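Read the figures in this text as sums done on the coordinates, not as results from a lab. In this text, all values refer to a predicted model and were calculated from it rather than measured experimentally. Neighbour counts run over all protein chains shown; Cβ positions are idealised from the backbone, glycine included.
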């Protein structure tokens, strides 16, 4: 699919980050877009940015509320999108929505663990199931599933538990790879790509907390503070004498650093993804850190979870470490 003009795309998680930039760049190329998110406020901001970009005349973008881990909400999103775009055919499906959380199967709650897993993995699986009939009806189509470098390296380093997110992203990668043969045999006009970003400048840190707590607010609640305090303590910091304001400041700084100090911006990531789709690449690594990580893990998989490996990886990937 070399040209997106006049095509119809669905983007999940379109309110912020890579989803927002995918929607903006698709519309700029003349592609009609239906996006969903759990935050109406975030989607309104995306729509405003798209309108400010002055999209090609006749290009349509619609915004819908949907939690991708809930099949009934995805069905409603699909039906609304079909009605508002007046089509039963879909060319591009970007299963992009995701959150972090549920780091430890030992210390974190089962509810948080499964919430993270169900959004990051369930949202991809249910997205494909929900929109597959529309893609079967199209002349050509492409499924784009967002995994992560944590889909082939299940770690954030030797001092941080990262089980729910990594398990989900491994599932997305395996599902996407299995779809290559499945679609080639049974629906050859549908292609599939798995996207594996490294550190991308997005608001996933703050967004994940809002999704997990179901509170669309920036200020940490007492429950948020307790969770943040425990997480910071597990990173080796002494939190006994830290005030709630200090914990809030650390959390805000972590969000700022993740967003602003990333080696790849969300806009750059979106362009890499769309270029990969046009080239029909089934495997799309995003960011030089992703390429370096892939190289190092493949070269020495037996030592991939040793502390020394992480130090080499962080240095060669260009990550900024520290408090």
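Extension gain, residue 129 to residue 48, is 26.1 nm, computed as 0.36 nm per intervening residue step minus the present C-alpha separation. Each stretch of four or more DSSP H residues adds -39500 (n - 2.57); spread over every residue of the chain, this sum gives -16000 deg cm²/dmol at 222 nm. Counting only alpha carbon atoms, the long axis of helix 163-186 and the longest principal axis of the chain meet at about 20°.
Our note on the geometry: Cα centres of the range 146-185 and the range 41-96, 26 Å apart. Taking 0.36 nm per residue of sequence separation and removing the Cα-Cα distance, the residue 84/residue 306 pair yields an extension gain of 74.8 nm. For the peptides 74-80, 286-292, the ranking by mean Cβ contacts within 10 Å, running from highest to lowest, is 286-292, 74-80. Once the gyration tensor of the Cα atoms in the range 32-76 is diagonalised, the equivalent ellipsoid follows with semi-axes of 23, 12, 5 Å, ordered largest first.
Counting every other Cβ atom within 10 Å of each residue's Cβ, 153, 319, 282 order from fewest to most as 282, 319, 153.
For the chain, the square roots of the Cα gyration tensor eigenvalues, ordered a ≥ b ≥ c, give a/c of at least 1.5 with a/b greater than b/c, which places it in the prolate category. Estimated at 0.36 nm per residue, the fully extended path between residue 249 and residue 226 surpasses their Cα-Cα distance by 6.9 nm.
Computing FRET efficiency as 1/(1 + (r/R0)^6) for residue 28 and residue 280, where r is the C-beta to C-beta distance and R0 is 25 Å, gives about 0.75.
Among 113, 121, the ranking by other beta carbons within 10 Å of each residue's beta carbon, starting with the fewest, stands as 113, 121. What Kirkwood hydrodynamic radius, in Å, does the range 1-50 give when the mean of 1/r is taken over all pairs of distinct Cα atoms and then inverted? Hydrodynamic radius (Kirkwood, Cα pairs) of the range 1-50 is 10.6 Å.
Counting only alpha carbon atoms, the long axis of helix 40-52 and the longest principal axis of the chain meet at about 60°.
Normalising the average separation of contacting C-alpha pairs (under 8 angstrom, six or more residues apart) by the number of residues puts the relative contact order of the chain at 17 percent.
Each residue in 105, 11 was given a count of other beta-carbon atoms within 10 angstrom of its own, and listing them fewest first yields 105, 11.
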